[in-house]
Structures are given as C-alpha cells and as structure tokens.
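As structure tokens, the structure follows; a few thoughts come after it.
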Amino acid sequence: MNVDTLDPRGNSRPTKVVNDLKSSAKMMFGNRLRWNDGGEGGDDAPEGTALPESMITTEGYTDIKTVENLNDAFKASKSKTFIDFMGDDAKDDPNINRYKTGEEFAKGFKAQSELVGKKGVIIPDEASDDVTRANYRKAMGIPESADKYDIKTPEGLHKEVQVTPEGMAEMKSILHAEGLSNKQAEGVIGKYYETISNALNQRDEKALLMKGEAESSLRNEWGKDFDSNATVARRVVEKFGGKEALEAFGDLGNKPEVMKFLSNLGKTISEDSFRGVGSIDLSTDAIGAKQRISEIANDPDFMNPDSPRHDGLVAENTRLFGVAYSGE
C-alpha cells in the first residue's frame, strides 16, 4: 500500500484509481488544474481523495466530492439506459420507450422530423383553422369529398355478393367521415366484400359436403329407386307450390328426412283423386317430360292414327306437356 499525499487525513489506500483520475484530468485541463490537497478540511472534509475544486459542482451532483464518489457514480451509470434519465411521462410513452438506446432515439427523431418537414404536415387539433385541416387532409391523401374516392370494384367475388353504386356510395361516405385516405378506403372496402364472399364460399362448400353425405345416405336406403323417389319429392313441391316454393325449399338433397316425406306423400297421390284439377304425374319432372315429348314426336306411331299405339302416345304427350310447361 502506498500513501496518497493528496489525502488530507493521510489515510492509506491504493493509488491506482486516484492516479488514473489525475492523469486524465491533467490531459483535459492541463497543469492549471488545482487539487484540494487538504489544508483546512477539518471534520467536514470528505472521506477519500478530494476532487479538484473546479470539478466540484453545486448543482445536480452535490454528493460527488471525491475520486471515490466519482468512480462509484460512473459504475452506476453504466447499468442505466437513456430512458432512466427521462421524466416519468417520457418513460411511459410508447413512442419513446420503444427505443433501446439514445442513438436509436436520435435516429428515429431525425427521421420523423425529416418526414414532417418534407410533407409540411401539421396534425390539426380542435383549435386548428380550416386551412390547416385542409392541408393535413391533402397531405394524407384524403379526398375533399366522399364522391372523390377512386376505388376499384373488387373482383372474383361470390355470385351472391352484389356491389351496387348505392352501397358503395354509403361506404365511401362513412370512410370519408373517418378520415381515411383513398388507399386506406380501397383496402377497407375490398376487405369488407372479400370477407362476405369468403363466408358465402364456405357456406356453399359446407352445403355441398352435407348434400353429398345426405345423398349417399338416401342412395343406400333407396337403392335403385333413388332417382325416381327424388323426382317425386321435387315434383310434389313444384306441382303444388310452383317454382317459387321449390326455390324456397332450396336443395332438397341436403334434407334427407324432407325428401323421404315428400316422396312418400307423392306416392300416395293418385291421378284419379285429382281429375278435377287436371292430370298429375309426379314420377317425371319438367326435364324428363321434355325428353319424353321429344321421343314421342320421333315415334312413327304418334303421327299414324291407324296405329294401335297412336291414342296412347297422344294421351301421354298431352299429359307430359302439362308437366313440362306447367310452371311457364
């Protein structure tokens, strides 16, 4: 151990920290630096090696009066980030605390300042005048009015999604009131219709899957009679409710229980029971009836009154016309 002659009390201590500080201080301040080597320290003199008088401040860091104090403060500062030296409001501000270092913060601040400077953007508040608001909207790409939006109509949508001028105008009005730019508005509208279209596509896929499962179940139950039973079921709805009723029922193939009920109902209906309302054939639908009419027209016996089959073909043709064109 060496005795540091700068210690006013003459206490023994290692000299490395003190000597390193002296050397650095002399390089910074030259030989004009005057050390407090003791003198009239008295009982109030700080414990340790006193700092030069010119390095002792009366503002901010009044507890740093010795080389040891300064060394401890330096070590403590190394564990802190620039956020630790900010006020409480700044520490809680995500726009500031997202930066990890002071250098990052400086770069971010510079970039934001340059951007604002280039655009000349001043974000308006409640006290801003109309000119400031207009300049802000123009810089942000917000059109003067809702009808000034230039938005492309979304493509590739589900067939049930209807993009009407009235609906588009209403959406534009809402988005303009919220202050969206043309690009933002186009993105929102496109995503809106795309979401609806995707939902309908998923519905159709689910319905197709259910139809396949229902049809498979009915085919297993009805066997070779599946086609004729299914035709009877659809004809019951079409005959007594019309095409509107058939459309309202939707795809009957998705409803096996309904299909079975209507098929059984159709089979119990006899033509004799409904002669007052005309001939009824539930075993043939409109498509099948038209195909059979075409076959009868090409049959030579249909046009030959002397043929024993002629009257039967004429009667069948007349009945099928009622089936084929009843809804038209």
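The values are calculated or read from the model by the stated rules, or taken from the named source; none is laboratory data. Since the structure is predicted, the reported quantities are computational estimates derived from the model, not experimental observations. Here Cβ is always computed from backbone atoms with ideal geometry, including for glycine, and neighbour counts include all displayed protein chains.
Could you please let me know if L208 is over 30 Å from R98 (Cβ atoms), in a helix (DSSP H, G or I) and either β-branched (V, I, T) or without any contact (Cβ under 8 Å) to a residue 24 or more places away in the chain (or both)? Give the steps one after another, and end with the answer.
On the way: over 30 Å from R98 (Cβ atoms): yes; in a helix (DSSP H, G or I): yes; either β-branched (V, I, T) or without any contact (Cβ under 8 Å) to a residue 24 or more places away in the chain (or both): yes.
So L208 passes the test.
Conditions: (1) of a type in the set (D, E); (2) over 22 Å from the mean Cα position of the chain (by Cα); (3) surrounded by 13 or more Cβ atoms within 10 Å (Cβ to Cβ). E186 meets all but one. Number of the miss?
E186 satisfies every listed condition except (2).
Take G288 and decide whether it is crowded, with 17+ Cβ neighbours inside 10 Å and either under 30 Å from K206 (Cα atoms) or modelled with pLDDT of 80 or more (or both). It would help to see each step written out before you state the result.
Details: crowded, with 17+ Cβ neighbours inside 10 Å: yes; either under 30 Å from K206 (Cα atoms) or modelled with pLDDT of 80 or more (or both): yes.
It is true that G288 is crowded, with 17+ Cβ neighbours inside 10 Å and either under 30 Å from K206 (Cα atoms) or modelled with pLDDT of 80 or more (or both).
Criterion first (at pLDDT 75 or above, more than 30 Å from E215 (Cβ to Cβ) and surrounded by 13 or more Cβ atoms within 10 Å (Cβ to Cβ)) does R309 satisfy it? Reasoning before the result, please.
Values: at pLDDT 75 or above: yes; more than 30 Å from E215 (Cβ to Cβ): yes; surrounded by 13 or more Cβ atoms within 10 Å (Cβ to Cβ): yes.
Criteria met by R309.
Look through P165, P154, P143 and report the one residue that is at pLDDT 90 or above and touching a Ser or Thr at 6+ places or on another chain (Cβ under 9 Å). I'd like the intermediate steps shown before the answer.
Values: P165 fails: touching a Ser or Thr at 6+ places or on another chain (Cβ under 9 Å); P154 fails: at pLDDT 90 or above.
So the residue among P165, P154, P143 that is at pLDDT 90 or above and touching a Ser or Thr at 6+ places or on another chain (Cβ under 9 Å) is P143.
Give the stretch 134-183 a look and list any residue that's part of a helix (DSSP H, G or I), under 30 Å from R203 (Cα atoms) and touching an Asp or Glu at 6+ places or on another chain (Cβ under 9 Å), or say none. Reasoning before the result, please.
Restricting attention to the stretch 134-183, the residues satisfying the condition of being part of a helix (DSSP H, G or I) are 134-139, 146-148, 165-177, 182-183.
In the following step, the residues that additionally are under 30 Å from R203 (Cα atoms) were identified as 165-172, 174-175.
Hits for the stretch 134-183 are A169, K172.
Please go through the stretch 155-183 and give me each residue that is of a type in the set (D, E, K, R) and over 16 Å from the mean Cα position of the chain (by Cα), ordered by number. Give the steps one after another, and end with the answer.
We begin by selecting, within the stretch 155-183, every residue of a type in the set (D, E, K, R); these are 155, 159-160, 166, 170, 172, 178, 183.
Result: E155, K159, E160, E166, E170, K172, E178.
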